[in-house]
1. Students often get this wrong: which residues of segment 28-68 have the backbone nitrogen under 15 Å from the point 7 angstrom along Cα-to-C-beta of residue 244?
2. Taking 7 Å along the Cα-to-C-beta vector as the label spot, tell me the residue 34-residue 158 distance in nanometres, rounded to one decimal.
3. Over segment 132-288, what relative contact order in percent results from Cα pairs under 8 Å that are six or more residues apart?
4. Tell me the relative contact order for segment 204-264 as a rounded percent, counting alpha carbon contacts under 8 Å between residues six or more apart.
5. Taking R0 as 51 Å, what FRET efficiency do you get between residue 402 and residue 287 from their Cβ-Cβ distance, rounded to the nearest 0.05?
6. Highest first, please rank the peptides 44-53, 162-171, 403-412 by the mean number of other Cβ atoms sitting within 10 Å of their residues.
7. R0 = 56 Å: FRET efficiency of residue 116 with residue 326, Cβ-based, nearest 0.05?
8. Please compute the length gained on full extension between residue 100 and residue 79, using 0.36 nm multiplied by the number of residues separating them and subtracting their Cα-Cα distance.
Ligand SMILES: [Zn+2]
Ligand SMILES: [Zn+2]
């Protein structure tokens with residue numbers, strides 16, 4: 001038995017930012033996202049657990065990703081309750097991480113491992129006992145993590161597969177994300193199936209995959225498909241089948257079904273934005289009207305709030321409706337937005353400003369550029385802005401963005417790339433619910449963004 005280290009931990013101190021649960025608000029509308037997400041082909045396929053790709057669910061800041069993740073955990077547990085061999089684990093990162101990368105990783109692995117143990121106080125495996133001894137005796141963090149990893153793998157390998165719902169990925173800085181991605185990649189090899197929510201979609205060059213199943217199939221722009229990995233080596237010969245055509249027994253004319261694979265490691269899915277049912281339910285609840293009867297004069301209000309497409313902003317409006325017990329708040333189109341909505345936009349910009357200065361400035365510049373016109377700015381002129389700023393500002397030039405991905409990531413979901421044609425990457429725009437204009441932000445924040453716009457546009461075009 002190695003001597004114990006006075007600083008070594010007897011029991012694991014949990015990281016205050018990482019949680020196993022997220023408690024849903026009691027008034028949450030349980031059917032929220034039902035038709036648009038939980039019944040979608042992509043979710044049903046992923047939840048079967050026999051596919052290796054992860055599901056990345058992205059949406060605007062405040063669109064309800066944590067709520068979706070918490071409902072997903074409930075749903076998956078109900079779905080898999082009959083099968084003891086398919087555990088559902090969840091991790092909610094609810095604050096920005098302030099510990100070192102090594103400590104975060106150890107806590108992350110620990111939190112997943114704890115949820116795989118059959119019940120509290122049950123016999124733990126020998127790897128885990130080694131980990132506990134290593135922690136008590138103050139072994140190095142890399143050794144502790146290595147032992148913990150082995151303990152986790154042995155738990156995962158004993159299961160048919162394990163479903164992990166991970167929320168709050170955006171709370172991690174870039175280097176932590178890279179570290180965690182690497183770890184998740186290894187965990188996937190042990191049949192861990194991952195659903196993660198994120199503000200910024202995992203970056204991918206626009207692909208345009210159509211089904212080659214023959215003239216009777218017109219499936220295009222496929223998210224889920226089987227590709228012939230031999231044919232795909234030559235982009236001009238690429239061959240892909242939609243799920244339906246594969247199920248009908250169609251195959252590659254040159255190689256049959258031998259090399260058909262779902263050749264992607266993740267599928268990005270845009271966050272469900274149809275809130276109509278929820279808004280209707282909430283307004284009816286507010287005025288105490290039975291669900292079968294529509295609330296009087298509420299159609300316009302429901303349309304207006306549902307069209308926002310962002311659950312946080314919709315809820316802020318609904319809060320005001322509840323507070324005033326009146327729909328007036330949505331009937332003043334010419335006025336400034338309600339104070340709570342403006343505060344939300346301001347807080348988002350404040351978070352961007354907390355990044356390292358060069359990243360914050362690049363983000364605000366890109367947001368200013370995208371605000372220049374209604375339809376955003378073209379990538380070519382964004383590049384001009386950036387090049388000009390880099391030539392004049394040495395601290396930016398020392399750490400320039402290396403790709404469009406860098407810029408989109410720093411802007412934290414406030415702008416996105418609008419591209420339909422993969423050959424023509426047209427523009428970056430504000431995400432739909434965050435059009436930054438006079439009505440959406442306070443004077444100070446607006447001045448901040450405008451200042452960055454001026455820095456760039458004074459010399460650029
Ligand atoms: Zn082929
Ligand atoms: Zn097809």
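Values quoted throughout were computed directly from the atomic coordinates according to the rules given, and no laboratory measurement underlies them. Only a predicted model underlies this, so the values are computations on that prediction, with no experimental measurement involved. Heads up, the Cβs are rebuilt from the backbone with ideal geometry, glycines too, and the neighbour counts pull from every protein chain shown.
1. 41-42
2. Going by the 7 Å Cα→Cβ label model, 3.8 nm.
3. It rounds to 16 percent for segment 132-288.
4. 34 percent
5. 0.45
6. Per-residue mean Cβ counts within 10 Å order the peptides as 162-171, 403-412, 44-53.
7. Working: r = 51 Å, r/R0 = 0.90.
For residue 116 and residue 326, the calculated efficiency is 0.65.
8. Contour length minus the Cα-Cα distance gives 3.9 nm.
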